[in-house]
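FYI, it's all coordinate maths here, none of it is from the lab. None of these values were measured; they are calculated from a predicted model. Methodologically, a virtual Cβ is constructed for each residue, glycine included, from the backbone with ideal geometry; neighbour enumeration extends over all protein chains shown.
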Amino acid sequence: MYRYDTYDQTLVDERVVQFRDQMERHLSGRLGEEEFRPLRLQNGLYIQKHAPMLRIAIPYGMLSGPQLRRLGEITRRYDRGYAHFTTRQNLQLNWPKLEDVPQILGDLAEVQMHAIQTSGNCIRNTTSDQFAGIAADEVEDPRPWCELIRQWSTLHPEFAFLPRKFKIAVSGASADRAAIQVHDIGLRLWHDDQGELRVKVLAGGGLGRTPMIAETVREDLPWRHLLTYLEACVRVYNQFGRRDNKFKARIKILVKALGIEEFRRRVDAEWVHLKDGPQTLTQAAVDAARTHFVEPERRTVSDDAIAAFEKLRADNRAFSRFVTNNVTEHKVPGYKAVTLSLKRREHAPGDVTADQLDAIANLAERYSFGEVRVTHEQNLVLSDVPVDEVEALWGELEALGMANPTVGTLNDIICCPGGDYCGLANAVSIPIAQAIQERFEDLDFLYDIGPLDLNISGCMNACGHHHVGHIGILGVDKKGEEYYQVSLGGSSTDDTSLGKILGPSFFREDVPEVIDKVLQVYVAQRHEDERFLDTYRRIGHKPFKERVYA
Amino acid sequence: MPDAQLQHTQTLIKMGQPEQDEWALSRIDDALPTRRPVIVPLSLWQANADDQALAPWLSSDTELSDELAGQLASAPLVAIDFPAFTDGRGYTLARLLRERYRFEGEIRAIGDVLVDQLFYMTRCGFDALALRDDQHLEDALRALGAFSVSYQPAVDVREALFERRLREGNGHA
């Protein structure tokens, strides 16, 4: 993974000094709350319902063992011994003290981490595919490109006060696992007939209050122009994005208002001046970025070991369930990627304890070259596990409560922190997730239902990505009461679609029953091997609506 | 009387150093003050462009056309207004003036100009910073040097860090 050189380290160290100074001026009254607000937000610090919240950046989801241990230490020393992985591959502390935050950032800087631009109206952490570098369907490893984008966007002097937040996602595989169609800018790396790397640039996607699917700005951008083209896109947004209404300030509203042709024309008019400028990438610069993401020194796994793995899978039902759901094919025969499930009823989806963070660091070092990836589904991945070690890893994960064999099922719920923590939320979301997990915990039932994305957001800001869940649940507030709106038919992959609201919202305690009725319709109507989403798309809204509101 | 409503900067930083400000600022669109030198709204300046003791200020929503940039080339200084510190359009305007239109005179930030924006402003080509009255000079001078390294090329540094690393043989970290 990416290792800092002295320049990177200097920058994060100076950022800590700067923020300590800002915090001191704030606490002494020289820097008022209004002026301090964007400064603290661009260091990940929110003032929340019960306490401040600190969002720590995990660039494109990559973490090392020492970083995991440091995060564990931080949660023990400054928080309550646990933390929360978010849908944007970041990590949140729920209970830090305001005045401790500069020191926390200092502790993070020692392990090459920071909280720069994890909030605020600026370019946020770039996200990517959790199987980057190991996916069989990958054309180009997106991580060096994410790192180049991270550096370009970090403390960008022109773009620290955009109309609104700005999120970029990158995919380098034939299947999109980075939800690029619902980002402000989505990038897809591909090769043309001559084998030249090109970038498809999408803009104007997003969830939130007004969900939209991105449109294509440019199909075939040559790779060397990536940063100048991004600069042109963000500059057009900075100049013309709406600033009079924060609910209409995202780039999606601008793209929609101008139309994609006019948006493209303005970007191109800007790009003419930036193209071939000093930010133009060179082969040497890209090669240098790639040296941080070389193939690990994998050992040879014998055919016998592979056969033994397959035999164990055939003989042991519990192991088979784990492999089917939580183990992913690897581009190298004899290796697998193993997903650590952070979804269990006892904890909020995406939560980990300090002890688990330590244990995960140990597992990463023993089984997977010391690296861990965070997924936007709020799980973790060990990307390089030899097949003859999967069984041992499985056993260790069982003991840690992270082997729940339900990845990709109804139980693998994406969920924001909701009203239990978040100052923006209209309603709680974690108890809804737990109630659904409790009701549908029978594995045979979950497997019979098959792949199903159930996403929950506690408000229309949509951090739980409810619009793109096959089933989406949104907490709404009506005259001080919490209600839940259910939508069906969303997707965040190649067939991205936005869910359609089923009808009037429900009481909290009725939500599991509503989900059950929706699933009953699916089970009754599905064709053989048809996913929930495909059944929904085939038969439409009506049968579900009739059953639920009967 | 427009002169009665003239604004005077208490703290001006030019090229990194505090400086006494000889320019006053008028935000009144329809009447020219008598005092000189004075910074006035763009339209007033355009109507009196031969007066060398007048300079224009641009609102943050100004669309910088080739024609306007051509006119501004003769201005003794160009001020760019920050109506709120959260309005980031002024950064783009300054870069366009410097990098695209090669404006070499003073570019001055006026309005909601706060200590913690100065580093970015300088990188974007502002060389005169008229601080909001409640800002402290010593904080501002410290903030100007907040970072000794930047990833991106801008007005101050024309080389991307990825190129500098290669030049220094440090590309592989």
Add +1 for every Lys or Arg and -1 for every Asp or Glu among the other residues with Cβ under 10 Å from the Cβ of A:LEU393, and state the total.
-2
Percent antiparallel among DSSP beta bridges confined to the range A:424-550, rounded to 5, stands at 75 percent
Average beta carbon contacts from partner chains per residue of A:145-156, 10 Å cutoff:
3
Is the shape of the range A:232-374 rounded, prolate or oblate, going by the alpha carbon gyration tensor and its root eigenvalues a ≥ b ≥ c, with a/c under 1.5 for rounded and a/b larger than b/c for prolate?
prolate
In terms of the ratio Rg/(2.2 N^0.38 Å) built on C-alpha atoms, what value belongs to the range A:52-128?
1.00
Report the net charge of residues surrounding A:PRO504, where surrounding means a beta-carbon distance below 13 angstrom and charges are Lys +1, Arg +1, Asp -1, Glu -1.
+1
Percent antiparallel among DSSP beta bridges with both residues in the protein assembly as shown, to the nearest 5?
65 percent
If I take the Cα coordinates of the range A:416-550 and project them onto the principal axes, what are the three extents in Å, biggest first?
44, 30, 28
For B:159-169, mean number of other protein chain Cβ atoms within 10 Å:
5
By the scheme Lys and Arg +1, Asp and Glu -1, what is the net charge of all other residues having a beta-carbon under 10 Å from that of A:LEU221?
+2
How compact and how long is the range A:303-400, expressed as Rg and Dmax of its alpha-carbon atoms in Å?
13.3, 40
A correct Stokes-Einstein calculation for the range A:144-300, using the alpha-carbon Kirkwood radius, 10 °C and 1.306 mPa s, returns a whole-number D in µm² s⁻¹ of 97 µm²/s
Hey, got the dipole for the protein assembly as shown? About the Cα centre, +1 on K and R Cβ, -1 on D and E Cβ, debye to the nearest 20?
1080 debye
At a Förster radius of 25 Å, what calculated FRET efficiency corresponds to the Cβ-Cβ distance of A:ARG366 and A:GLN283, to the nearest 0.05?
0.10
Among B:LEU141, A:GLY475, A:THR409, which residue has its Cα furthest toward the positive end of the charge dipole of the protein assembly as shown, with +1 on Lys/Arg Cβ and -1 on Asp/Glu Cβ?
A:GLY475
Reduced to Cα centres, the span from the range B:101-138 to the range B:1-53 in Å works out to 16 Å
Stretched out fully, how many nm does the piece from A:SER320 to A:ASP534 gain, at 0.36 nm a residue minus the Cα gap?
74.5 nm
Per DSSP H run of n ≥ 4, the term is -39500 (n - 2.57); total these for chain B, divide by its residue number, and report the mean residue ellipticity at 222 nm rounded to 500 deg cm²/dmol.
-6000 deg cm²/dmol
With unit charges on the beta carbon (Lys/Arg positive, Asp/Glu negative), name the residue among A:PHE293, A:VAL323, A:PHE309 whose Cα is farthest towards the positive pole of the charge dipole of the range A:283-344.
A:VAL323
Report the relative contact order of the range A:414-548, percent, no decimals, based on alpha-carbon pairs under 8 angstrom and at least 6 residues apart.
19 percent
Euclidean distance of C-alpha centroids, the range A:48-98 and the range A:404-456, integer Å
21 Å
For A:LYS311, give me every one of the lysines with a C-alpha distance below 22 angstrom, ignoring sequence neighbours fewer than eight places off in its own chain.
A:LYS331, A:LYS336
State which entries of A:LYS500/A:LYS545; A:LYS248/A:LYS542; A:LYS167/A:LYS500; A:LYS248/A:LYS478; A:LYS49/A:LYS479; A:LYS165/A:LYS248 exceed 21 angstrom in Cα-Cα distance in the structure shown.
A:LYS248/A:LYS542; A:LYS167/A:LYS500; A:LYS248/A:LYS478
What is the spin-label model distance, in nm, from A:LEU98 to A:ASP192 if the labels are put 7 Å beyond Cα along the C-beta direction?
5.5 nm
What is the mean number of Cβ atoms from other protein chains located within 10 Å of the Cβ atom of each residue in peptide A:280-289, rounded to a whole number?
4
The range B:2-147: antiparallel DSSP beta bridges as a percent of all, rounded to 5:
35 percent
If packing is taken as the mean number of other Cβ atoms within 10 Å per residue, what is the order of A:108-117, A:175-184, highest first?
A:175-184, A:108-117
Per chain A: cysteines with no other Cys C-beta under 4.7 angstrom?
A:CYS122, A:CYS146, A:CYS233, A:CYS415, A:CYS422, A:CYS459
So what is the orientation-averaged projected area of the range B:2-147, using the convex hull of its C-alpha atoms, in nm²?
8.1 nm²
The orientation-averaged projected area of the Cα convex hull of the range A:6-109, in nm², is 6.9 nm²
Rank by packing, highest mean first: peptides A:241-249, A:428-436, with packing defined as the count of other Cβ atoms within 10 Å averaged across residues.
A:428-436, A:241-249
Order of A:308-318, A:227-237 by packing, highest average Cβ count within 10 Å first?
A:227-237, A:308-318
Here chain A gives, from Cα atoms, an Rg and Dmax in Å of 22.9, 69
With charges set only on the Cβ (+1 for Lys and Arg, -1 for Asp and Glu), what does the dipole of the range A:303-400 come to about its Cα centre, in debye to the nearest 20?
420 debye
